[in-house]
Structure formats: C-alpha cells, structure tokens
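Working notes, beginning with the structure itself.
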Amino acid sequence: MALFGSARDASLVRHLNRELINELIDMEIGFYKLSPHDSRVNIYDETENKIYFQRLAINCLIRKDDKSYVADEVGYDQTRSGEFAFYRDDLVDKNIIVEEGDIIEYDNEFYEVNGVSSSQYFGGRNPSTDLGYVRNQRGEFGKSIAVIATAHVVRRNRLNIQEVRSGINRSSDIPRNL
C-alpha cells in the first residue's frame, strides 16, 4: 500500500492546483469548441467552413514558442506553436472535452489544437486503469491532473469566428465632410 497518493492527498493537490491556476496565475484563454454536426463536410470528410460554438473562458498554463518565418515564392509567412495545460477538474466541471480541431484564442492569436495528452498523474497512477495488488483498493490511489493541448497558430481569415477586415469600403465608412 502506498504511503502517499491516497484520496485525501489528491484532495489537497486538487485544492492547491485550483487556487494556483485560477487565482494566482490567472492566465485566461478563449476556447472555441468545433461543432462537427453544424459543419458541412465533403465525401473526404473535409470542410472549408468550420462552425464553432460560443467562446468559453478557461484558465490554463501557457507556453508559446518563438515565431518562425518561412519564405516561399509568394513572400514570407510566420508560424508559431504553443502548449496549453488545463487543470482536468476545471474541464470536468465545465463539461469540456479538448479535441483536435478546437480553437484557442490567446494574445490576439488563434491556435488550432494539433494533439491532446492527459498522462500526468498524481502519484504516478491513473486511478481508472490502475490494477493494484489488491482488487478492493482499485481507484483509491492516484489522480489524473492535467490535459495538455499542443497547437499551432492559424490565420483568422480561415476561421468563422471573427469578421476580418476585407479592405472594401462601405458607403457608411466614407466620411461625408470631404
């Protein structure tokens, strides 16, 4: 039987993590969940116009990489990747499942989620899959802590989230006193 990692210890970790992420660090992102039922797909299961649900505000830990620049015959293009670590209990409380294709808005950039990992466990044990040595103690030790999403920056004009300025003057935009 393990000395540390019981349900009582996991409760302490839950309380400390929630206070740390939500009250002390307080890094908030906008989360847009992809709506697969509203997005029309072709026979190859691809879509040009993805539809997203309303933005949700979630606190998380953020690590952004530096911008990298790529040159081609058209010109220069920039890209950036990032990692967003969510506290699992916050996602469960808000009934959110982070999946590939979801959009994260942070620092005036939009990130599309590439991959999701949830393999950080308190005590090194996943309570839902730990077999343990004694069958009646299954699920008593360990706790799943974080959900980590890796993402890359996408152009906002590819998303149907914000209206992007197109450069066309509307009659209401032209000043009348010229």
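The values are calculated or read from the model by the stated rules, or taken from the named source; none is laboratory data. Because the structure is predicted, anything quoted here is derived from the model rather than measured. All Cβ positions, even for glycine, are placed from backbone atoms using ideal geometry, and neighbour counts span all protein chains on display.
Overview of values
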quantity	calculated
From the options D66, D38, residue that is modelled with pLDDT of 90 or more, over 14 Å from the mean Cα position of the chain (by Cα) and either assigned to a strand (DSSP E or B) or of a type outside the set (S, T, N, Q) (or both)	D66
Single residue of region 36-90 satisfying the filter (surrounded by 12 or more Cβ atoms within 10 Å (Cβ to Cβ) and of a type in the set (S, T, N, Q)) that is farthest from L159 (Cα to Cα)	N59
Test: residue in region 37-53 that is of a type in the set (F, W, Y), touching a residue at least 40 places away in the same chain (Cβ under 8 Å) and on the phi < 0 side of the Ramachandran plot	yes
Enumeration of residues in region 69-95 that are β-branched (V, I, T) and either assigned to a strand (DSSP E or B) or within 16 Å of S117 (Cβ to Cβ) (or both)	V70, T79
